[in-house]
Amino acid sequence: DAKTTQPPSMDCAEGRAANLPCNHSTISGNEYVYWYRQIHSQGPQYIIHGLKNNETNEMASLIITEDRKSSTLILPHATLRDTAVYYCIVRVGVGGGSNYKLTFGKGTLLTVNP
Amino acid sequence: EPEVTQTPSHQVTQMGQEVILRCVPISNHLYFYWYRQILGQKVEFLVSFYNNEISEKSEIFDDQFSVERPDGSNFTLKIRSTKLEDSAMYFCASSRQGTGNSPLHFGNGTRLTVT
């Protein structure tokens, strides 16, 4: 799987948008970009994923650059409960011959401040 | 919303003892996974399971580990003879399909403490 690079930490003010960047310059055409988060020592929580197009759901938006070498996760109105470690993961889509496991890195610790 | 449930939330055992960690995946999911996270470290893949067989396993998943789907709802991880270094959070996950377009959904884990 392609490697991702994320800043180790970020801060955001409560009520403002949190924009979390991720670089994945070696991503292949059949690889998806996934975002998960982990609050304290709870299980990783699925947020969103995409292949080429921008995606939006009730939790967040995912913006993928046209060359697919980087992406941004946007939490539109961050709350204190969004404080967590956010993981950007590249995952093979098809043709991998495996069970398409997720490989976690160190992620970005997002701290939402009052 | 359907979720993956894990029991117990915390398990304390003595070194050398066997432990079984239990998981109930989301009901219509077909692919199952175990991950672990040692305190302060990354979430690490252990094993994936489909159609009553192991699909993939990591180097961590050695002979002391085994997985089983004993019935239509449970998925278990057994550690035969626990070591101090097995102390970690163990997360179960499931996905509907085995493709990269099918998200994994995780439980909230079992904290295993080996003394």
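The values are calculated or read from the model by the stated rules, or taken from the named source; none is laboratory data. Please read all numbers here as calculations on a predicted model, not as lab measurements. Note: ideal-geometry Cβ built from the backbone for every residue, glycine included; neighbour counts use all protein chains shown. What goes into the accessible areas is simple: the full protein's heavy atoms, side chains included, and nothing from ligands, DNA or RNA. Shrake-Rupley method; radii C 1.70, N 1.55, O 1.52, S 1.80 Å.
Could you give me the residue pairs with C-beta distances under 7 Å whose first residue belongs to the range A:18-34 and is at pLDDT below 95, whose second residue is part of a strand (DSSP E or B) wherever it lies, and which are 6+ apart or on separate chains?
Here the result reads A:I27/A:V90; A:N30/A:V92; A:E31/A:V90; A:E31/A:R91; A:E31/A:V92; A:Y32/A:H49; A:Y32/A:G50; A:Y32/A:R91, each pair linking the range A:18-34 to a residue that is part of a strand (DSSP E or B).
Tell me which residues, restricted to the range A:67-96, are over 15 Å from A:L51 (Cβ atoms), outside any loop (DSSP other than H, G, I, E, B) and of a type in the set (S, T, N, Q).
Scanning the range A:67-96 gives a single hit, A:T72.
I'm trying to understand the selection: among the residues of the range B:41-95, which are among the acidic types (D, E), more than 13 Å from chain A (Cβ to nearest Cβ) and either surrounded by fewer than 18 Cβ atoms within 10 Å (Cβ to Cβ) or farther than 19 Å from B:P8 by Cα (or both)?
B:E59, B:D62, B:D63, B:E68, B:D71, B:E85
Any chance you could count how many residues in the range A:1-45 are under 22 Å from A:E66 (Cβ atoms), part of a strand (DSSP E or B) and open to solvent by less than 50 Å² (accessible area, probe 1.4 Å)?
Of the residues in that region, 7 qualify.
Take the conditions outside any strand (DSSP E or B) and at positive phi and apply them to B:G100. Does it pass?
Here the answer is no, as B:G100 does not meet what is asked.
So B:F106 clears everything in (1) more than 15 Å from the chain's Cα centre (by Cα); (2) crowded, with 17+ Cβ neighbours inside 10 Å; (3) within 14 Å of chain A (Cβ to nearest Cβ) except one condition, right? Which one?
(1)
Only residues that are within 25 Å of A:Q38 (Cβ to Cβ) and assigned to a strand (DSSP E or B): list them for the range B:51-64, please.
B:S55, B:E56, B:K57
Name the residue, out of A:I63, A:I74, A:I27, A:I39, that is in contact with a strand residue (DSSP E or B) (Cβ under 7 Å, 6 or more places away or on another chain), aliphatic (A, V, I, L, M) and within 20 Å of B:N108 (Cα to Cα).
From the options A:I63, A:I74, A:I27, A:I39, the qualifying one is A:I39.
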